[in-house]
1. Taking the Cα centre of the chain as origin, sum charge times position over the Cβ atoms of Lys and Arg (+1) and Asp and Glu (-1), and report the length of that vector in debye to the nearest 20.
2. For the chain, what is the mean residue ellipticity at 222 nm derived from helices alone (per DSSP H run of n ≥ 4: -39500 (n - 2.57); sum divided by total residues; nearest 500 deg cm²/dmol)?
3. Taking all protein chains together and a probe of 1.4 Å, list E57, E10, E34 from the most accessible to the least accessible.
4. Consider a paramagnetic label point 7 Å from the Cα of S55 along Cα→Cβ; state which residues of the stretch 1-45 have an amide N under 16 Å from it.
5. Between (i) 14.6; (ii) 11.2; (iii) 12.4, which matches Kirkwood radius over Cα pairs in Å calculated for the structure shown?
6. Got a number for carbon plus sulfur as a percent of the chain's accessible area, 1.4 Å probe?
Amino acid sequence: MENNIKKYREQLNLSQGNLAENCKVSRQTINAIENNKYDPSLQLAFDIARVLGVSMEELFKR
């Protein structure tokens, strides 16, 4: 599943580490998701969207 996490994260000037901390996961997890190497759980996807202030539809695309 492709995503726009990096785009929205950078618009907020958040590092991968900052986003990870806010979502209670490791920076490596955020990196893997951004690079389409790992699909997040539904809960983590909602957490990322909440922290970035966007909808799930804006964040993820099939």
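The values are calculated or read from the model by the stated rules, or taken from the named source; none is laboratory data. Here the structure is a predicted model, which is why all the values come from computation and not from measurement. Cβ sites come from the backbone with ideal geometry, for glycine too, and all protein chains shown count toward neighbours. The area values use the complete protein model at the heavy-atom level, side chains included, leaving out ligands, DNA and RNA. Shrake-Rupley method; radii C 1.70, N 1.55, O 1.52, S 1.80 Å.
1. 80
2. After summing the helix terms and dividing by residue count, I get -16000 deg cm²/dmol.
3. Details: E57 145, E10 95, E34 25 Å².
Per-residue accessible area, sorted high to low, gives E57, E10, E34.
4. 4
5. Matching the structure shown: (ii).
6. 45
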